[in-house]
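Chemist: If you scroll down you'll find the structure; I have some questions about it.
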Amino acid sequence: MPINSMTGFARVEGHEDSCSWTWEAKSVNGKGRDVRCRLPSGFEGLETKIRDAIAKRFFRGNISVNLTVQWLQTVTEYRINADLLDQVVSLIPEIEKRIPEIGPPRVDGLLSLRGVIEPVDDNRTPALLKELERQVLESFANALDALELMRAEEGQRLGNAIEGQVRDIQKLCKKIEKQAAAQPKAIKKRLKEQVQDLMDAVPGLPEERLAQEAAMLMTKVDVREEIDRLNSHIDSSWALIKEDGAIGRKFDFLCQEFNREANTLCSKSTDVELTRLGLDLKTIIDQLREQVQNIE
């Protein structure tokens with residue numbers, strides 16, 4: 001399965017005899033899948049179907065969906081929403097208690113509240129609205145197709161970049177392994193000096209204790225374990241790239257493990273060149289993580 005990005009945008013327009021509409025779907029990075037819908041009055045019932053459709057296609061990303069509807073027929077009649085007006089009027093005594101200096105409500109003020117006066121269109125029959133919803137949802141599927149395509153195209157670019165960075169890490173690890181293999185003499189020399197300093201500082205130190213101290217010093221500068229783990233993480237990276245499904249979270253965790261081993265390697269290093277290679281490795285790992293945080 002190809003790598004998919006979490007970023008994308010799609011815009012799809014549709015129309016029929018009574019209205020035209022526009023879908024906009026925008027997706028950005030997110031830890032999980034978060035969907036936000038902005039739907040016009042009368043279309044709120046579509047939200048559940050919208051969320052279900054998105055859940056079937058996308059695993060991660062903050063996805064915003066916006067639907068705008070433009071009615072083509074001119075509204076010639078209006079009516080007062082009595083239920084809403086009653087609710088507003090019932091709140092007036094409470095408002096007057098909290099704000100005594102407020103003046104009495106005016107009729108024009110009440111009628112200007114959003115939703116109190118609403119248009120009447122007898123042509124919008126239940127059958128017409130049901131058919132309209134079907135068409136609107138059908139075009140929403142087209143918007144998701146476009147969004148999915150854009151995320152896939154961006155994901156391909158990310159995938160190419162990620163593969164290149166993993167190869168760079170692999171090359172650096174081979175150089176680090178080669179450089180570390182050339183250090184035994186320097187390590188032994190340093191260890192001998194440290195043991196001598198220890199013997200001078202603590203005369204008569206038992207040989208068993210001396211061997212323990214020598215082993216501890218040797219362990220502190222031995223980077224073979226870190227190199228083995230880095231190579232293991234490289235293998236895991238290639239496996240993830242080929243894995244089906246959303247790999248973003250797993251890859252982000254793997255980058256943390258890469259960075260942990262690189263930090264330990266640098267802290268253990270007693271060689272200038274090995275330290276330089278370790279710092280180069282950390283730089284590429286940081287670049288890799290920046291890319292990984294964009295994938296699904």
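The values are calculated or read from the model by the stated rules, or taken from the named source; none is laboratory data. This is a predicted model, so every value here is computed, not measured. Virtual Cβ from ideal backbone geometry, glycine too; neighbours counted across all protein chains shown.
Chemist: Out of the residues in segment 138-160 that are loosely packed, with under 15 Cβ neighbours inside 10 Å and out of contact with any strand residue (DSSP E or B) (no Cβ under 7 Å at 6 or more places or on another chain), state the one that is farthest from ARG60 (Cα to Cα).
Modeler: Looking at the filtered set, the residue picked out is GLU138.
Chemist: Moving on. Quick check on CYS19: is it touching a Phe, Trp or Tyr at 6+ places or on another chain (Cβ under 9 Å), touching a residue at least 12 places away in the same chain (Cβ under 8 Å) and of a type outside the set (S, T, N, Q)?
Modeler: yes
Chemist: Quick test for you: out of ILE285, ILE295, pick the one residue that is touching a Leu at 6+ places or on another chain (Cβ under 7 Å) and either assigned by TED's automatic domain parsing to the domain that holds ILE234 or not acidic (Asp, Glu) (or both).
Modeler: ILE295
Chemist: Say whether the condition of being within 30 Å of ARG157 (Cα to Cα) and either modelled with pLDDT of 95 or more or within 32 Å of the chain's Cα centre (by Cα) (or both) is met by at least one residue in segment 215-226.
Modeler: Checking segment 215-226: not a single residue is within 30 Å of ARG157 (Cα to Cα) and either modelled with pLDDT of 95 or more or within 32 Å of the chain's Cα centre (by Cα) (or both).
Chemist: Shifting gears a bit: Mind counting the residues in segment 64-94 that are modelled with pLDDT of 80 or more and either surrounded by 13 or more Cβ atoms within 10 Å (Cβ to Cβ) or over 44 Å from the mean Cα position of the chain (by Cα) (or both)?
Modeler: 19
Chemist: Same structure, new question: Out of segment 26-56, which residues are out of contact with any strand residue (DSSP E or B) (no Cβ under 8 Å at 6 or more places or on another chain) and surrounded by 15 or more Cβ atoms within 10 Å (Cβ to Cβ)?
Modeler: ALA53
Chemist: Just checking, which of ILE99, ILE169, ILE176 is of a type in the set (A, V, I, L, M, F, W, C) and either closer than 23 Å to ASN294 by Cβ or in contact with a strand residue (DSSP E or B) (Cβ under 6 Å, 6 or more places away or on another chain) (or both)?
Modeler: Result of the check over ILE99, ILE169, ILE176: ILE169.
Chemist: What do you reckon, is SER27 of a type in the set (Gly, Ala, Ser), farther than 26 Å from LYS130 by Cα and assigned to a helix (DSSP H, G or I)?
Modeler: Against the criterion (of a type in the set (Gly, Ala, Ser), farther than 26 Å from LYS130 by Cα and assigned to a helix (DSSP H, G or I)), SER27 does not qualify.
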